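The values are calculated or read from the model by the stated rules, or taken from the named source; none is laboratory data. What you see is a predicted model; the values in this text were computed from it and never measured. Backbone-built Cβ (ideal geometry, glycine too); neighbour counts: all protein chains shown. Only protein heavy atoms, including side chains, enter the accessible area calculation; ligands, DNA and RNA are left aside. Shrake-Rupley method; radii C 1.70, N 1.55, O 1.52, S 1.80 Å.
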Amino acid sequence: MAIVSKWFGFDQGEVYEAALRDFELGRFEEAAEAFRTCLEDGVDPKLRRLARYYLAESWSSAGQAYLRERNGEAAAASFGEAISLCPRYADLHLGLARACRLIGNAGRAANALTTALEINPRYVEAALLEGILLYEAGRDEEALVRWAEALDWDRAPGGEALQTALDCHRRGARQAAVEAIEKLQWPGESEATLRGRVAAGYIRDGDFELAAAEYERAVRLAPGYADLRCKYGQVLSSLGRAPEAVEQLLAALAINERYVEAMVHLGLALRRLGQELEAADQFRKALDLDPYHPIAQREAARLPALRSVR
């Protein structure tokens with residue numbers, strides 16, 4: 001059963017199903033082409049909104065793949081496509097910044113980081129990269145302060161890596177200092193991302209128990225990665241483990257308070273717990289940020305009745 005069938009209950013056409021298969025198999029540009037076809041064919045509005053969401057996800061995933069290959073030009077183009085669809089996602093602007101740094105466009109990278117931090121002011125990875133750009137521009141004191149400030153936000157340990165960077169800086173080993181912070185930006189992310197992809201495969205096969213186990217491992221490896229916590233919360237909710245789902249989704253929102261998907265799925269989990277008013281609040285918050293979100297729109301139809309009991 002497709003993941004959207006399990007969670008959203010919408011019908012899918014053949015093109016949409018083919019796009020999902022490409023997406024799950026990592027063929028992101030092919031998936032993007034198919035999802036774009038869904039947008040152009042005048043299909044059901046709910047399906048169009050889902051296709052738009054997955055089109056952005058396809059371009060984002062393509063961008064991440066190009067970053068791993070150190071193809072900055074292609075990565076920047078992919079993140080640009082994703083941002084044109086979802087301009088309020090801080091992760092996309094961080095990806096664009098990383099790509100622009102790869103191709104030596106520090107000015108565009110800095111602008112992308114400014115936008116990411118406007119969306120999520122305590123975005124640790126964005127602030128660390130901002131410090132790297134400052135350091136590479138010779139603004140050493142500002143960079144060192146920015147690194148320390150960013151790590152002070154994060155609950156994960158980072159003092160040792162910062163100390164390594166400081167020691168390298170004092171010795172004049174500037175590249176080693178940058179590398180120490182670069183490693184800190186993604187603690188365990190590579191393995192965590194792999195775990196997330198394995199989990200997505202289990203979801204595609206309809207095995208949500210195995211998916212939950214993989215997401216649990218991924219979250220332990222990268223506890224500050226909001227997207228993993230959100231997806232883990234969705235799976236837990238699908239398994240009927242609503243209290244645990246709420247815990248993960250609240251954690252995702254603590255990392256990024258403007259994370260629309262986390263708000264929507266937190267609302268669904270709260271509704272399963274019978275907390276209707278709290279759920280309604282989450283759907284309203286989501287619609288304030290994304291008025292066309294298909295699930296939040298569906299749930300918003302129930303809001304007048306819920307308001308009346310306040």
For the stretch 119-143, which residues satisfy the criterion of being open to solvent by 10 Å² or more (accessible area, probe 1.4 Å) and either part of a helix (DSSP H, G or I) or of a type in the set (D, E, K, R) (or both)? Arg122, Val124, Glu125, Glu130, Leu133, Leu134, Glu136, Arg139, Asp140, Glu141, Glu142
Filtering the stretch 170-185 down to residues that are open to solvent by 30 Å² or more (accessible area, probe 1.4 Å) and within 19 Å of Arg101 (Cβ to Cβ) yields Arg174, Gln175, Ala176, Glu179, Glu182, Lys183
Name every residue in the stretch 146-163 that is under 18 Å from Leu134 (Cβ atoms) and either modelled with pLDDT under 85 or surrounded by fewer than 18 Cβ atoms within 10 Å (Cβ to Cβ) (or both), in order of residue number. Ala148, Glu149, Leu151, Asp152, Trp153, Gly158, Ala161, Leu162
Matching residues in the stretch 186-219 (modelled with pLDDT of 85 or more, crowded, with 17+ Cβ neighbours inside 10 Å and of a type in the set (A, V, I, L, M)) number 4
Return the total of residues in the stretch 249-279 being touching a helix residue (DSSP H, G or I) at 6+ places or on another chain (Cβ under 7 Å), within 24 Å of Leu117 (Cβ to Cβ) and not hydrophobic (A, V, I, L, M, F, W, C). 4
Mind listing just one residue for me: the one in the stretch 248-299 that is open to solvent by 60 Å² or more (accessible area, probe 1.4 Å) and basic (Lys, Arg) and, of those, nearest to the chain's Cα centre (by Cα)? Arg258
Just need a number here: residues in the stretch 200-243 that are out of contact with any helix residue (DSSP H, G or I) (no Cβ under 6 Å at 6 or more places or on another chain) and over 29 Å from Leu184 (Cα atoms). 7
Selected residue (criterion: least open to solvent (accessible area, probe 1.4 Å)) from residues of the stretch 66-118 that are in a loop (DSSP other than H, G, I, E, B) and closer than 23 Å to Arg52 by Cβ: Cys86
